[in-house]
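Bear in mind these aren't lab numbers, they're just calculated from the coordinates by the rules spelled out. Bear in mind that the values here come from a model prediction, so they are computed numbers and not experimental data. Virtual Cβ from ideal backbone geometry, glycine too; neighbours counted across all protein chains shown.
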Amino acid sequence: MEYNIAMTESTNKILNDFLLKDLKDEEICFAIWYPTDGKTRFTVLLQEVILPKNGDRVRHGNVSALPQYVDRVKEYARVKGGGVAMIHTHPSGNGFQGVSGPDLHYEQDILSREIFGITGLPLVGVTLAGDGVWSARIYPPKLFKIQWCSAVRIVGKNITIQFNPKIMPAPKPNEKQIRTTSVWGNEKQSDIMRLKVGIIGSGSVGSAVGEILVRMGIGDVLLMDYDIVKIHNLDRMNNVTVEDVGKRKIDVIERNLKKSTTNDKFVCKKSTNSVVENDGYKEALDYDIIFSCVDRPWPRQVLNHISYACLIPVIDGGITFKIEKGKLIHGMYRAQTVGPERACMSCLGAVDLGQVQMDRDGMFDDPEYIKNQEKVNGPSRQNIMPFVFALAGLETIQFSELVTNIGRNGDLGQQSYNYYTGEIIPKHQSCLEGCDYAKKIAFGDTQKPFLDVDKSRLRELE
């Protein structure tokens, strides 16, 4: 099992402002956290910071939390149903920090069993170096022995991932990536090469997104799709030929990505699950960033949930054509990145909760319903290859800004291309007041989306 820590940019700012305010002595505080348990990765989501009151700690070069502070935190965590993270500084240190003998003894031998007995969740130890770099460790039950986290990710307008160099050492960009590296530098490229990116939906846009990502140097990709290549896919899927008809889409795309990758240690994982199933949902939680390349409201709603509750940014997009009597009435594509400190798909109008319920009820698989809808709205799923590549390009531009911030914009907003005017129109907004997704930020597995319990229906969709 891999262990990670995640927090929002707002939480990171609160912690940095307090912990690094006075660097002459070490400083300490606590946080409440909630779990996100994926298939191979367990993530600790720092949700609420509990700062000390006067008289709660003693600073003497080192720092000690006094019993009343620790007891208050333990009781608060029990009431809230969360775990306890103990956070302290090494103000004179830079980069990834180890743990001293006394700190290890206190965390591992004294506090870990007590915290688990009260909260039912492991103790988490977190250290902040003087240069703002995080390191973290966890003490799983039964053995209560230290397990180092492989990375700490900070999510908001951008995503910053600070990797444990012993578990995920920095790879060196290679000659195949020289033009890419020249734009944002070796350090950013090294971080990009260590990212884990999920592509949910391996159809037209998903195949093009995958091609761009592996040429950028992404080293670990998940392809999730249960469909096969059909003859009508050939005009829109990247590097797919008539010989591929009848093969699984994920197998065909994996073959193509392995040919195109610039990362010498490229790994491609495949899944025939759906993200609306429990198994597919847990697989998605193992990734740092997710591309939503689905064309139905239910999986889009689940991915929207993941972006907020589990602190995994989701880059989503869609293409719309309206044709009447052989004439184009409207054509557009749009892309947006959703997650904490950004507007969600529901508030942006990219997912309709009424349609989500209809999807869950099977209406989108009912031939009579589809026929009646096409009488009113025209044929569904209309698309052309130029829009596929354009949307994939726009989504991966959103990805590039998310992970590098070279444009210094962070959130590019929802970007919509209008075919008639030739304009890409940005829209910046926050979630609407009372948005349910904004209330779920960093609550992880305590908040569940609507998942399917009947896998047989999903296998018959196409």
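At-a-glance table
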quantity: Cα centroid separation - the stretch 127-158 against the stretch 86-123, whole Å; calculated: 10 Å
quantity: Assigned charges on the beta-carbon of Lys, Arg, Asp, Glu; the chain dipole about Cα centre (debye); calculated: 500 debye
quantity: R0 of 30 Å, Cβ-Cβ distance Q355-V245: FRET efficiency to nearest 0.05; calculated: 0.50
quantity: Spin-label zone in the stretch 316-349 - amide nitrogen under 15 Å from a point set 7 Å from the Cα of N418 along the C-beta vector; calculated: 329-334
quantity: The stretch 2-163 shape via C-alpha gyration tensor axes, a/c threshold 1.5; calculated: rounded
quantity: Sequence ranges 156-163, 196-203, ranked by mean other-Cβ count within 10 angstrom, highest first; calculated: 196-203, 156-163
quantity: Size of electric dipole in the stretch 2-163: Cβ of Lys, Arg +1 and of Asp, Glu -1, about Cα centre, debye, nearest 20; calculated: 360 debye
quantity: Dipole of the chain, positive direction: furthest Cα of A170, C347, Y308, with charges on the beta-carbon; calculated: A170
quantity: Greater than 30 Å apart at Cα, pairs in K188/K247; K53/K282; K39/K157; calculated: K188/K247; K53/K282
quantity: Exposure proxy ranking, count of Cβ atoms within 10 Å, fewest first, for E395, E48, E27, E114; calculated: E114, E48, E27, E395
quantity: Where only alpha carbons of the chain are counted, the Rg and the Dmax (Å); calculated: 23.4, 80
quantity: Label-point separation, S260 to E324 (7 Å along Cα→Cβ), nm; calculated: 3.7 nm
quantity: Computed E for R113/Q429 - FRET, C-beta separation, R0 41 angstrom, nearest 0.05; calculated: 0.30
quantity: Sorted by Cβ neighbour density within 10 Å, fewest at the top, the residues L66, L104; calculated: L66, L104
quantity: Helix axis angle, 297-309 relative to the chain longest principal axis, alpha carbon, degrees; calculated: 20 degrees
quantity: Burial ordering of I253, I441, fewest other beta-carbon atoms within 10 Å first; calculated: I441, I253
quantity: Electrostatic dipole magnitude of the stretch 104-257 [Cβ: Lys, Arg +1; Asp, Glu -1; Cα centre; debye, to 20]; calculated: 100 debye
quantity: FRET efficiency estimate (nearest 0.05) - Cβ-Cβ, T40 to E368, R0 56 angstrom; calculated: 0.85
quantity: Sparse-neighbourhood loop sites, chymotrypsin sites (Phe, Trp or Tyr not before Pro) in the stretch 377-433 - DSSP loop, at most 10 other Cβ within 10 angstrom; calculated: Y420
quantity: Lys/Arg +1, Asp/Glu -1 at C-beta; the chain dipole; positive extreme among G156, N233, C29; calculated: N233
quantity: Bridge type composition, the stretch 41-166 - antiparallel percent by DSSP, nearest 5; calculated: 75 percent
quantity: Extension gain (nm, one decimal) between H60 and E48, 0.36 nm per residue minus Cα-Cα; calculated: 1.7 nm
quantity: Three-way shape label, the stretch 169-222, alpha-carbon gyration tensor, a/c 1.5; calculated: prolate
quantity: Inter-site label distance for I406 and D235 at 7 Å from Cα along Cβ, in nm; calculated: 3.5 nm
